[in-house]
1. Compute the relative contact order of the chain as a whole-number percentage, counting only Cα pairs closer than 8 Å that sit 6 or more residues apart in sequence.
2. Considering only DSSP beta bridges with both partners in the chain, what is the antiparallel share in %, to the nearest 5?
3. Using only alpha carbon positions, build the gyration tensor of region 215-273, then give the equivalent ellipsoid semi-axes as the square roots of 5 times its eigenvalues, largest first, whole angstrom.
4. Amide H of Ala257 versus every other amide H placed in the peptide plane: which residues, excluding those fewer than 5 positions away on the same chain, fall under 5 Å?
5. Which percent of Cα-Cα pairs in region 93-171 sits in each 5 Å bin, short to long?
6. Grab the eigenvalues of the alpha-carbon gyration tensor for region 142-199, scale each by 5, take roots, and send me the semi-axes largest first in whole angstrom.
7. With all protein chains present, calculate the accessible area of Thr111 using a 1.4 Å probe and round the result to the nearest 10 Å².
8. Using alpha-carbon pairs under 8 Å, 6+ residues apart, how would you state the relative contact order of region 2-90 in percent?
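The values are calculated or read from the model by the stated rules, or taken from the named source; none is laboratory data. Here the structure is a predicted model, which is why all the values come from computation and not from measurement. Glycine also receives a Cβ, built like all others from the backbone with ideal geometry; neighbour counts cover every protein chain displayed. Each accessible area value is taken on the protein alone, full model and side chains, heavy atoms only, with ligands, DNA and RNA left out. Shrake-Rupley method; radii C 1.70, N 1.55, O 1.52, S 1.80 Å.
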Amino acid sequence: MKQQLQEIQKQALASLSEIRDVRELEALKVEYLGKKGKLTQILKGMGALSAEERPVIGQMANDVRIALEEGIADVRARLEREILNNKLKTEVIDVTIPGRTKPLGKKHPLTSVLDEIKDIFIGMGYEIAEGPEVELDYNNFEALNIPKNHPARDTQDTFYISENVVLRTHTSPVQIRHMQSHNPPIRIICPGRVYRSDTVDATHSPVFHQVEGLVVDKGVTMGDLVGTLQAFAKGIFGENTRIRLRPHHFPFTEPSAEVDVSCWGCGGSGCRICKGEGWVEILGAGMVHPNVLRECGIDPDVYSGFAFGLGIERITMGKYGIDDMRLLFENDMRFLKQF
Ligand code: PHE
């Protein structure tokens, strides 16, 4: 039995030196130390030994078991080290490789300019009001002092949805909605999309954007309007910008004016942008017509107001020197990337 034990130890240690992976190691463990393993088998035969032999052989069997267990533990440690080293080698991360960059989106120039316009007016205490693009004829025309058959309707190239429903031709109907649902003092701007059946060219589009402004309170004057527009023009086009008002006609304001700014290209001396004029028209404005106030339940003997409406496209084209409005709608990345 002694010999057998020595033989088992020799064999096991020899096989251990040839183990290549954990699976083989486990198999070897079972082969010697498992329930039916070679060493266990021997121990089972110990019952047949004499009382003197038993402790001697028992001691020896124990030593063999310890030797095998230690051998197995050593090999396991070696294998684990190998696995780890392998992992470190194959899963190495090169932190110096440049990452995949995601292209960063940017604001559309119309959005940037609208944001600037909003900032300027919010800074002066205005609130933002919005209304629907599909609008009642009443809000778009009638309440704005443009009755059916009024010649001013012709100038607006209206898209009709039905007899009484239109695609709004300007943002002025938002004035009406606001005045009918709010009491003065009122100080709002209304940005939004508007529609006119214009043919597309370098300066026209059937869809474009306006910002309406409306102030109604006691004692509001034309002077307030001029001061407001002056502040706006300086804010958008720079501190040296001047404005001028030319008499005009809108049915919903009286008096009415078209408002020019000194040319951003030449400062007023005349260039290609202003066609030698020194001035560029950017908006329409005036004192809210008493009929409009009255229609909205506001007493024109107590309150007065001014309103203005500007096209965001025209101001954007001016600010950035864009000479064709179509560029603002085509979403050509080569164009948009420049802002
Ligand atoms: N609604 C006018 C237009 O689109 C602009 C405007 C607004 C003029 C407010 C005066 C007052 O043509």
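1. Numbers: 501 pairs, mean separation 48.5, N = 339.
RCO, the chain: 14 percent.
2. In the chain, approximately 95 percent of DSSP beta bridges are antiparallel ones.
3. Over the Cα atoms of region 215-273, the ellipsoid semi-axes are 25, 15, 7 Å.
4. His248, Ala285, Gly286
5. 3, 11, 14, 12, 10, 12, 11, 7, 4, 4, 4, 3, 3, 2, 1, 0
6. Working: eigenvalues 105, 38, 20 Å².
With the √(5λ) rule applied to region 142-199, the semi-axes are 23, 14, 10 Å.
7. Looks like 60 Å² after rounding.
8. Contact order relative to length: 38 percent.
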